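Data block below; observations after.
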Amino acid sequence: MAEIKDPKELEKLENEGKVKDLNKEKEKRVNKKIQGGKGFRQPKKPTKAEVIGVFNNRVGSLEKQMYGLEQKVQGIMHLLGRITSSIKGIEDKLEEDVATTRAFHNLLTSKKVLKEKELNAEVERVMKIMAQEDEERKDKQMGLKDKGADAVVEKGDLAIISYEGTLHGEDKPFEGGIANNVLLQVGSGSYVEGFEDQLIGHKVGETGIVTVTFPDEYKEELRGKTADFKVTIHKIKLLEKREEEPKKEEKTDE
């Protein structure tokens, strides 16, 4: 190969060599990038723990949503139950009213001619039936149960009584000493001490004398005085225990 002595020629060859070296260097860098070098980062693969964590978070979120829906459904069902109960009560009342109206209609349109006394007796009988039905409906609403005609007063019972009180040494009942068909829970301490205890053991329909002495802190006109009460027991009722609804367990996230 001939030796090149021309400086310009030598400089030209030298520059061409540098260009080739630069091209080679660029080619190496591009290859590194293609193979996953520093220029192009391949996506990082999630670990198993990270995948499980994301899954658990999504499951927990779905469980909360489901719990919320369950609570809403329970609320709707409870509301529907109350509405159904109210409708049933209205239907029962309508049936009772229809029955009462029919009884009066039959009475007034009867072909049988009744004398005045007989008519009055029949009206009174129907009125008693209506009053009994009304009382039974109220007892049902209040959770009361009639103990029956042979019942005996016990502590805690609800007794329907009438009374008339007279102070010792007087012939006429004192003011405020008369009451009819009042409801008294025996043992509640609502009346003067000793009054309620003396009712225990008496039967429905009985009339007896209850003697009490008014305490010193009672109102002035009766303070320290003794009185006899003529008491009649009309009915004895019992407060039925109502079962409590089970408490709903609150769901907590683990």
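We did not get these values from a lab; they are worked out from the coordinates using the rules stated. Keep in mind it's a predicted model, so treat the numbers as computed, not measured. Cβ atoms come from the backbone with ideal geometry, glycine included; neighbour counts cover every protein chain shown.
Computed from backbone phi with θ = phi - 60° and the Karplus coefficients 6.51, -1.76 and 1.60, the 3J(HN,Hα) list for the stretch 155-162 is 5, x, 6, 9, 9, 9, 10, 10 Hz; x is used for glycine and proline. The simple spin-label model puts a point 7 Å past each Cα toward its Cβ; for ARG58 and LYS145 those points are separated by 5.7 nm. Each Cα pair under 8 Å and six or more residues apart adds its separation to the average, and for the stretch 146-239 the resulting relative contact order is 41 percent. Cβ crowding within 10 Å, taken as a proxy for footprinting-reagent exposure, orders HIS234, HIS202 from fewest neighbours to most as HIS234, HIS202.
Mind listing which trypsin sites (Lys or Arg not before Pro) in the stretch 121-165 are in a DSSP loop and have 16 or fewer other Cβ atoms within 10 Å?
Counting only loop positions with at most 16 other Cβ atoms within 10 Å, the trypsin sites (Lys or Arg not before Pro) in the stretch 121-165 are LYS155.
Beyond 21 Å in Cα-Cα separation lie the following of the pairs LYS203/LYS230; LYS155/LYS225; LYS140/LYS235; LYS155/LYS235; LYS128/LYS237; LYS155/LYS203: LYS155/LYS225.
Less than 5 angstrom separates the built amide H of LYS225 from those of PHE214, all sequence-distant by 5 or more or on a different chain. Which residues' amide hydrogens lie under 5 Å from the amide hydrogen of HIS202, considering only partners 5 or more residues apart or on another chain, with H built in the peptide plane? Placed amide hydrogens put VAL153 under 5 Å from HIS202.
Estimated at 0.36 nm per residue, the fully extended path between ILE90 and GLN65 surpasses their Cα-Cα distance by 5.2 nm. Straightening the chain between GLU136 and ASP197 buys 19.2 nm, computed as 0.36 nm per residue apart minus the Cα-Cα spacing. Would you mind getting me the FRET efficiency between ALA121 and ASP228? Use the beta-carbon distance for r and R0 = 25 Å, nearest 0.05. Result of the calculation: an efficiency of 0.10. The modelled label-to-label distance for the pair HIS168/LYS72, using points 7 Å beyond Cα in the direction of Cβ, is 7.4 nm.
So, counting K/R as plus one and D/E as minus one, what does the shell of residues with Cβ under 13 Å around MET127 add up to?
Overall, the nearby charge balance is -3.
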